[in-house]
Amino acid sequence: MKWTLLLLLSACATSSGDTYKTRCGVGPAMDFYTGELIKESWIGVDALQWAEDEILWYLERHAKDPRLYNRKVACGTLTQLKVFVHPTWKWGTPGSEVSGVAMCHMRYIEIGTPEDLKWTSTALTHELVHVMQDCKPVRPAEDGLDNDHANWERDGIFDAIRATWTP
Ligand SMILES: [Zn+2]
């Protein structure tokens, strides 16, 4: 009897591989240096799900880029996306420090750990949008933006991202 229960439990553990992923397939959040799963709730699966829901919701309403305002399409781009978390808020070399990175072809993003331990303070939703665009924004760049964020102002993308920061 005990044996069966154990077997059942382990079967349960095996099939819960997606416990750390959002409905669109984002996660888990892992330590950038060790690759270990991050257990802190601020960036746990509930937080990732919340961030995902928020950005999809606001993109549907603000963004003019069809890859972004179509919820199903945007969600589909996030499958198998890993999230690496740096222990610091910023990293890199002095003068070119960052607090977020999107590696579209490698299927991962990197974010920093903010002092207030809130995902809304991170670059999470910003990096998710890079992935939704496959790191290929609609060019030319306008509004004083660089090529990586070419259409983010004129197409309402920054508006959507900013909206996710509001508590
Ligand atoms: Zn960016």
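Is it true that Pro94 is at pLDDT below 95 and under 19 Å from Asp148 (Cα atoms)? Give the steps one after another, and end with the answer.
Values: at pLDDT below 95: yes; under 19 Å from Asp148 (Cα atoms): no.
In short, no.
I'd like to check which helices (runs of 4 or more DSSP H) are fully inside the stretch 40-117 and have at least 3 residues that are within 16 Å of the ligand (Cβ to nearest atom).
Numbers: elements: 45-62, 66-69, 71-76.
The helices (runs of 4 or more DSSP H) meeting that bar are 45-62.
Is there a residue being more than 20 Å from Gln80 (Cα to Cα) and within 13 Å of the chain's Cα centre (by Cα) anywhere in the stretch 121-139? Spell out the reasoning first.
Just the residues of the stretch 121-139 that are more than 20 Å from Gln80 (Cα to Cα), to begin with: 121-122, 137-139.
Within this subset, residues satisfying the condition of being within 13 Å of the chain's Cα centre (by Cα) are 121-122.
Within the stretch 121-139, one or more residues are more than 20 Å from Gln80 (Cα to Cα) and within 13 Å of the chain's Cα centre (by Cα).
Could you go through the stretch 134-144 and let me know if any residue there is on the phi > 0 side of the Ramachandran plot, of a type in the set (A, V, I, L, M, F, W, C) and within 13 Å of the ligand (Cβ to nearest atom).
Kept after step one, since they are on the phi > 0 side of the Ramachandran plot, are these residues of the stretch 134-144: 134-135, 143-144.
Checking which are of a type in the set (A, V, I, L, M, F, W, C) leaves us with 135.
Still in the list and also within 13 Å of the ligand (Cβ to nearest atom): 135.
For the stretch 134-144, residues on the phi > 0 side of the Ramachandran plot, of a type in the set (A, V, I, L, M, F, W, C) and within 13 Å of the ligand (Cβ to nearest atom): present.
The values are calculated or read from the model by the stated rules, or taken from the named source; none is laboratory data. Quantities reported herein were computed from a predicted structural model and do not represent experimental measurements. Please note: Cβ atoms are built from the backbone with ideal geometry, for glycine as well, and neighbour counts cover all protein chains shown.
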